[in-house]
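**Q** I have a structure here, written as structure tokens, and I will follow up with some questions on it.
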Amino acid sequence: MPIEVLMPALSPTMTEGKLAKWVKKEGDAVKSGDVLAEIETDKATMEVEAVDEGRIGKLLVAEGTDGVAVNTPIAILLEEGETSVEAAPTVEESTPKQVAAPSVKGEEETKPTLPTTQDAKGPAAPPPSDEDKYFAKTVKKTVREALRDAMAEEMRRDPTVFLMGEEVAQYQGAYKVSQNLLQEFGPERVIDTPITEHGFAGLGVGAAFQGLRPIVEFMTFNFAMQAIDHIINSAAKTLYMSGGQMGCPIVFRGPNGAAARVGAQHSQDYASWYAHCPGMKVVAPYSAADAKGLLKAAIRDPNPVIFLENEILYGHSFDVPEDEDFIVPIGRAKILRQGKDVTITAYSLMVGQAMAAAARLAEEGIEAEVIDLRTIRPLDVHTVVESVKKTNRLVTVEESWPVCGVGSELAAQMMEHAFDWLDAPVIRVHGADVPLPYAANLEKLALPQPDDIVAAAKKALYRS
Amino acid sequence: MAASRRRTKATPDSAQPQNTPAASPDEMIRYYREMLLIRRFEEKAGQLYGMGLIGGFCHLYIGQEAVVVGIQAALKEGDSVITSYRDHGHMLACNMDPKGVMAELTGRRGGYSKGKGGSMHMFSREKNFYGGHGIVGAQVPLGTGLAFAHKYKKDGGVCTVYLGDGAVNQGQVYESFNMAALWKLPVIYVIENNKYAMGTSQERASAGELHQRGAAYGIPGVQVNGMNVLDVKAASDQWVDYVRSGNGPVIMELKTYRYRGHSMSDPAKYRTKEEVEKMRTESDPIDQMKKHLLDAGIVDEDKLKEIDREVKAIVTEAAEFAQQSPEPDPSELWTDVLVEA
């Protein structure tokens, strides 16, 4: 049967073009790959190649014709043995042939809602947790020890879990978090890498595609910027791009945020950077118990998890449940202090600042409710909203910069879910919007202090 | 083993069909058929793109067929494969279903990624094909990680990482070479040197010889005529065996050529028509194989016509499926973001 040659689209945006020149004429034999014609688009002159073999039966559009719409029949190709173009299927006038995308029945009705978090039902409740019952029997541990214990317990439980990163093995961890893991699990599962973040992050993701469960330690998250392409493009997006086939069970962990006097390049909080991206989870614990329970959850999670630790917190001690079954579900905030006057949210090191501020506020008769967010994505908006319904005021605290930050997100969530309960604007306490300075006095000025939080809480209460 | 002793030297310009006994007559017929399937599939994809049925980017493999067919022929079941965005040929060579590949190109629910990945992002766990990656060079550490997993699991598998000559100047490639060499990972880095990184020729982009890029890490490098499938198969047999035996990585530079543009919207101002035409007429991998099959009396013209018909039928069926398969259900927008624990 004669074949219609259609005006091709030669770029993602082309809708029409000029048929500049016919290279073949009527009667010419063509084989697949032969150039038939030249077409001018708004960008370039391009060649149209034959896909089928045959002989040109008829040229339907004259050379030099401008504005030929994509999919307009431009020639008739005869196959072996055919002599007449008459047998060609009727060219539907000369309008562009509509190649209909199969319509989905009832498309209008089934159209999903716009990608907004707004929902009449309000924010989803956080996952349930039985963590409290484990606090009957606890032991004092530093955050450092708790993290190490979490990894060791999970590595004993699952042979596919391994740890890799700079100085994690022989050196016992740049911050001594992986102490004794090499001794217990050997060099096949506790792997010193060269200083090569982009490379080993990608290598870890590849290993996770094969079903291993890598824990990739960044000496600090500042260096993970070298690796962010693999974290976002390779780890977080592949499940979706593969239609659900290729999951990536991986944990990227390490200290995040400012330490002390290490300057601008070593002092950044990445919580909002990673929380921005779908396809992964972001955790930033404060206490040793949460560090342990959440790291165990992260290692068992079938998705990529960004696990943000804090160098200053490594040496802080907390009560940690002894039971190895203690797990903290990702996505559940924790109310650390009950209060009725103002809600204060924080994560990681800033939880300590928020608690210090709450103690000071209490001296002035203000009862602040302090929420440790613990997970930044998925953010437990439900718990914050429920608190704000009680206090009618929200102060958010984060070490990071204000623009598009975690506080900004919480403020937006309150607009959507708690607007009618707010008696004052949401106030964000955050790091100064500058690269972190080195000088001791300037560094202190740049980072949120309990005084800043106290002042913000009073402002929300219209007291000064 | 010193790399220099094992290096074979060949270029597309000096391509000569060889009588290397790297394959039996049946295998040679199979290679011909697989290369022809890729060629016809890609021509059809180009046509569907022209009809507006395929959108966005679409990077065709036409001209490079001998590379993936020759390499894959040397691999075993269980070996893993990863590549960049010029990936349709690799998927077909991994025995993925042409219908599923074409339906992904048209963005339909019958596609390998349910229409959510597109030309550059397809995967098959079943066939150990790990994508389909759109960031130049990113597949190199990922594939090195696949090789790491083979070694960790002690499953005897190797990973083949395909990268273009454009990817060899990315830093992460060398980060990967270093770790692969340090840890003796079972990985074959196949540089598909088609001479042009988009529109920039190798001479303008890359200093030195590409197959020697691993020399500083002690990784053996070999240059192979990528326009002759038997040459590719012979070299692959040798080097896959070397890698599988625990000797660490190898770099194979396959000298090849793409006839079509970098992607569909490529005006091809960076090379002459004569250059393309010369490669097509003198070095075409399919024509070479066809001539070899006929000259050696392995097949006759009728048999070739039969193969042509079979391949055409497969491609036609794939194209029909790709147009008939419905678009993804709107609810698919929200699925596969996270694995529900």
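**Q** Can you tell me which residue in region B:165-182 is farthest from the other protein chains (Cβ to nearest Cβ), limited to those that are within 21 Å of A:Ile195 (Cβ to Cβ) and touching a residue at least 60 places away in the same chain (Cβ under 8 Å)? Break it down stepwise before answering.
**A** Within region B:165-182, the subset within 21 Å of A:Ile195 (Cβ to Cβ) is B:169-182.
Subsequent filtering for residues that are touching a residue at least 60 places away in the same chain (Cβ under 8 Å) retains B:177, B:180-181.
Numbers: B:Phe177: 9, B:Ala180: 9, B:Ala181: 11 Å.
Across region B:165-182, the extreme among qualifying residues is B:Ala181.
**Q** For region A:157-187, name all the residues that are charged (D, E, K, R) and without any contact (Cβ under 8 Å) to a residue 12 or more places away in the chain. Write out each step before concluding.
**A** From region A:157-187, those charged (D, E, K, R) are A:157-158, A:166-167, A:176, A:184; that's our starting set.
The answer is A:Arg157, and nothing else.
**Q** For region A:179-188, does any single residue satisfy the condition of being of a type outside the set (Asp, Glu) and either under 28 Å from the mean Cα position of the chain (by Cα) or under 17 Å from A:Ala298 (Cα atoms) (or both)? Lay out the reasoning, then the answer.
**A** Of region A:179-188, the ones of a type outside the set (Asp, Glu) are A:179-183, A:185-187.
When the remaining residues are screened for being either under 28 Å from the mean Cα position of the chain (by Cα) or under 17 Å from A:Ala298 (Cα atoms) (or both), the result is none.
No, the conditions are met nowhere in region A:179-188.
**Q** I'm trying to understand the selection: among the residues of region B:34-47, which are more than 9 Å from chain A (Cβ to nearest Cβ) and either open to solvent by less than 20 Å² (accessible area, probe 1.4 Å) or among the basic types (Lys, Arg) (or both)?
**A** From region B:34-47, those more than 9 Å from chain A (Cβ to nearest Cβ) are B:34-38, B:41-42, B:45; that's our starting set.
Within region B:34-47, B:Met35, B:Leu36, B:Ile38, B:Phe41, B:Glu42, B:Ala45 meet the criteria.
**Q** Which is more than 19 Å from the chain's Cα centre (by Cα), under 26 Å from A:Ala124 (Cα atoms) and in a helix (DSSP H, G or I), of A:Glu409, A:Glu416?
**A** Numbers: A:Glu409 fails: more than 19 Å from the chain's Cα centre (by Cα).
Unique residue meeting the criteria: A:Glu416.
**Q** Just the residues that are at pLDDT below 95, assigned to a helix (DSSP H, G or I) and touching a helix residue (DSSP H, G or I) at 6+ places or on another chain (Cβ under 6 Å), please, taken from region B:3-58.
**A** B:Pro12
**Q** Which members of region B:143-164 meet the condition of being facing chain A (nearest Cβ under 7 Å) and either open to solvent by 10 Å² or more (accessible area, probe 1.4 Å) or more than 18 Å from B:Met96 (Cβ to Cβ) (or both)?
**A** In the first step, residues of region B:143-164 are kept if they are facing chain A (nearest Cβ under 7 Å); the result is B:143-146, B:148-149, B:152.
The answer is B:Thr144, B:Gly145, B:Phe148, B:Ala149, B:Tyr152.
**Q** With respect to A:Ile335, is the statement that it is within 13 Å of A:Val397 (Cβ to Cβ) and among the aliphatic types (A, V, I, L, M) true? So that I can check it myself, show each step before the final result.
**A** Details: within 13 Å of A:Val397 (Cβ to Cβ): no; among the aliphatic types (A, V, I, L, M): yes.
Taking the combined requirement at face value, the residue does not satisfy it.
**Q** Sticking with this one: So which residues in region A:289-312 are within 14 Å of chain B (Cβ to nearest Cβ), under 13 Å from A:Glu324 (Cα atoms) and small (Gly, Ala, Ser)?
**A** A:Ala297 - this is the single residue of region A:289-312 that is within 14 Å of chain B (Cβ to nearest Cβ), under 13 Å from A:Glu324 (Cα atoms) and small (Gly, Ala, Ser).
**Q** Same structure, new question: Do any helices (runs of 4 or more DSSP H) entirely within region A:237-311 hold 1 or more residues that are basic (Lys, Arg) and either open to solvent by 10 Å² or more (accessible area, probe 1.4 Å) or in contact with a strand residue (DSSP E or B) (Cβ under 6 Å, 6 or more places away or on another chain) (or both), and if so, which?
**A** Working: elements: A:238-241, A:271-275, A:288-300.
Result: A:288-300.
**Q** Something else: Please specify each residue of region B:91-106 satisfying the condition of being open to solvent by 20 Å² or more (accessible area, probe 1.4 Å) and not in a helix (DSSP H, G or I).
**A** Residues satisfying the conditions are B:Asn95, B:Asp97.
**Q** Tally up the residues in region A:201-229 that are at the interface with another protein chain (Cβ under 7 Å from one of its Cβ atoms) and assigned to a helix (DSSP H, G or I), please.
**A** 8
**Q** Give me a count of the residues in region B:118-142 that are part of a loop (DSSP other than H, G, I, E, B) and either more than 7 Å from every other protein chain (Cβ to nearest Cβ) or more than 11 Å from B:Val81 (Cα to Cα) (or both).
**A** Within region B:118-142, the subset part of a loop (DSSP other than H, G, I, E, B) is B:118-123, B:125-128, B:133-138.
The next check asks that each one be either more than 7 Å from every other protein chain (Cβ to nearest Cβ) or more than 11 Å from B:Val81 (Cα to Cα) (or both); those that pass are B:118-122, B:126-128, B:133-138.
Qualifying residue count for the region: 14.
**Q** Among residues belonging to region B:305-341 that are open to solvent by less than 50 Å² (accessible area, probe 1.4 Å) and more than 14 Å from chain A (Cβ to nearest Cβ), point out the one that is farthest from B:Lys44 (Cα to Cα).
**A** My answer is B:Ile307.
**Q** Of everything in region B:60-78, what is open to solvent by less than 10 Å² (accessible area, probe 1.4 Å) and either touching a Phe, Trp or Tyr at 6+ places or on another chain (Cβ under 6 Å) or charged (D, E, K, R) (or both)? Give them in sequence order. Full working, then the answer.
**A** Looking only at region B:60-78, we keep the residues that are open to solvent by less than 10 Å² (accessible area, probe 1.4 Å), and these are B:60-71.
Listed by number, the residues that qualify are B:Ile62, B:Gly63, B:Glu65, B:Val69.
**Q** When you go through A:Val426, A:Val397, A:Val388 one by one, which is the residue that is more than 25 Å from A:Pro329 (Cβ to Cβ) and crowded, with 21+ Cβ neighbours inside 10 Å?
**A** Details: A:Val397 fails: more than 25 Å from A:Pro329 (Cβ to Cβ); A:Val388 fails: more than 25 Å from A:Pro329 (Cβ to Cβ).
Among A:Val426, A:Val397, A:Val388, only A:Val426 is more than 25 Å from A:Pro329 (Cβ to Cβ) and crowded, with 21+ Cβ neighbours inside 10 Å.
**Q** Evaluate the following for B:Val222: is it under 12 Å from B:Val250 (Cβ atoms), within 19 Å of the chain's Cα centre (by Cα) and more than 13 Å from chain A (Cβ to nearest Cβ)?
**A** Working: under 12 Å from B:Val250 (Cβ atoms): yes; within 19 Å of the chain's Cα centre (by Cα): yes; more than 13 Å from chain A (Cβ to nearest Cβ): yes.
The answer is yes for B:Val222.
**Q** Just name the residue that is most open to solvent (accessible area, probe 1.4 Å) out of those in region A:37-58 that are under 29 Å from B:Ala313 (Cβ atoms) and within 11 Å of chain B (Cβ to nearest Cβ). Steps first, answer last, please.
**A** To start, the set of residues in region A:37-58 that are under 29 Å from B:Ala313 (Cβ atoms) comprises A:37, A:47-58.
Okay, now just the ones that are also within 11 Å of chain B (Cβ to nearest Cβ), so A:47-53.
Working: A:Glu47: 68, A:Val48: 11, A:Glu49: 40, A:Ala50: 4, A:Val51: 30, A:Asp52: 26, A:Glu53: 112 Å².
By that ranking, first place goes to A:Glu53.
**Q** Only one of (1) more than 9 Å from chain B (Cβ to nearest Cβ); (2) in contact with a Cys (Cβ under 7 Å, 6 or more places away or on another chain) is not met by A:Leu239, so which one is it?
**A** For A:Leu239, the failing item is (1).
**Q** Residue pairs, Cβ under 9 Å, 6 or more apart or interchain, first in region A:432-449 and under 18 Å from A:Ala354 (Cβ atoms), second part of a helix (DSSP H, G or I) and among the polar types (S, T, N, Q). List them.
**A** Between residues of region A:432-449 that are under 18 Å from A:Ala354 (Cβ atoms) and residues that are part of a helix (DSSP H, G or I) and among the polar types (S, T, N, Q), the close pairs are A:Leu447/A:Gln353; A:Pro448/A:Gln353; A:Gln449/A:Gln353.
**Q** For region B:187-220, give me the residue count where each residue is under 21 Å from B:Val136 (Cα atoms) and either without any contact (Cβ under 8 Å) to a residue 12 or more places away in the chain or not in a loop (DSSP other than H, G, I, E, B) (or both).
**A** Keep residues of region B:187-220 that are under 21 Å from B:Val136 (Cα atoms), which gives B:187-214.
Going one step further and asking which of them are either without any contact (Cβ under 8 Å) to a residue 12 or more places away in the chain or not in a loop (DSSP other than H, G, I, E, B) (or both), we end up with B:187-193, B:196-197, B:200-205, B:207-208, B:210-212.
Counting residues in region B:187-220 that are under 21 Å from B:Val136 (Cα atoms) and either without any contact (Cβ under 8 Å) to a residue 12 or more places away in the chain or not in a loop (DSSP other than H, G, I, E, B) (or both) gives 20.
**Q** Looking at B:Gln172, B:Gln139, which is the one that is more than 19 Å from the chain's Cα centre (by Cα) and at pLDDT 95 or above? Let's see the steps before the verdict.
**A** Numbers: B:Gln139 fails: more than 19 Å from the chain's Cα centre (by Cα).
B:Gln172 is the lone residue from the list that is more than 19 Å from the chain's Cα centre (by Cα) and at pLDDT 95 or above.
**Q** Another question about this same structure. In region A:309-363, how many residues are among the aromatic types (Phe, Trp, Tyr) and under 25 Å from the mean Cα position of the chain (by Cα)? Give the steps one after another, and end with the answer.
**A** Step one: of region A:309-363, the residues among the aromatic types (Phe, Trp, Tyr) are A:314, A:318, A:326, A:347.
Next, from what is left, pick out any that are under 25 Å from the mean Cα position of the chain (by Cα): A:347.
Of the residues in region A:309-363, 1 are among the aromatic types (Phe, Trp, Tyr) and under 25 Å from the mean Cα position of the chain (by Cα).
**Q** Name the single residue that is farthest from the other protein chains (Cβ to nearest Cβ) among those in region A:167-200 being farther than 21 Å from B:Tyr174 by Cβ and open to solvent by less than 20 Å² (accessible area, probe 1.4 Å).
**A** So the residue we want is A:Val177.
**Q** Mind checking whether some residue in region B:263-274 is in contact with a Gly (Cβ under 8 Å, 6 or more places away or on another chain) and surrounded by fewer than 13 Cβ atoms within 10 Å (Cβ to Cβ)?
**A** From region B:263-274, those in contact with a Gly (Cβ under 8 Å, 6 or more places away or on another chain) are B:264, B:266-270; that's our starting set.
Then drop every residue that is not surrounded by fewer than 13 Cβ atoms within 10 Å (Cβ to Cβ), which leaves B:269.
Yes, some residue in region B:263-274 is in contact with a Gly (Cβ under 8 Å, 6 or more places away or on another chain) and surrounded by fewer than 13 Cβ atoms within 10 Å (Cβ to Cβ).
**Q** Kindly evaluate A:Asp452 against the criterion of being open to solvent by 30 Å² or more (accessible area, probe 1.4 Å), under 28 Å from A:Ala291 (Cβ atoms), over 26 Å from the mean Cα position of the chain (by Cα) and not small (Gly, Ala, Ser). Lay out the reasoning, then the answer.
**A** Values: open to solvent by 30 Å² or more (accessible area, probe 1.4 Å): yes; under 28 Å from A:Ala291 (Cβ atoms): yes; over 26 Å from the mean Cα position of the chain (by Cα): yes; not small (Gly, Ala, Ser): yes.
So A:Asp452 passes the test.
**Q** Does A:Ser11 satisfy the condition of being assigned to a loop (DSSP other than H, G, I, E, B), open to solvent by 20 Å² or more (accessible area, probe 1.4 Å), small (Gly, Ala, Ser) and under 22 Å from B:Tyr259 (Cβ atoms)?
**A** Numbers: assigned to a loop (DSSP other than H, G, I, E, B): yes; open to solvent by 20 Å² or more (accessible area, probe 1.4 Å): no; small (Gly, Ala, Ser): yes; under 22 Å from B:Tyr259 (Cβ atoms): yes.
When the stated conditions are applied, A:Ser11 does not pass them.
**Q** Looking at (1) closer than 18 Å to A:Leu294 by Cα; (2) in a loop (DSSP other than H, G, I, E, B); (3) open to solvent by 10 Å² or more (accessible area, probe 1.4 Å), which one does A:Arg156 not meet, given that it meets all the others?
**A** (2)
The values are calculated or read from the model by the stated rules, or taken from the named source; none is laboratory data. Keep in mind that this is a model prediction, so the values were computed, not measured. Note: ideal-geometry Cβ built from the backbone for every residue, glycine included; neighbour counts use all protein chains shown. Please note that ligands, DNA and RNA were not included when accessible areas were found on the heavy atoms of the full protein model with its side chains. Shrake-Rupley method; radii C 1.70, N 1.55, O 1.52, S 1.80 Å.
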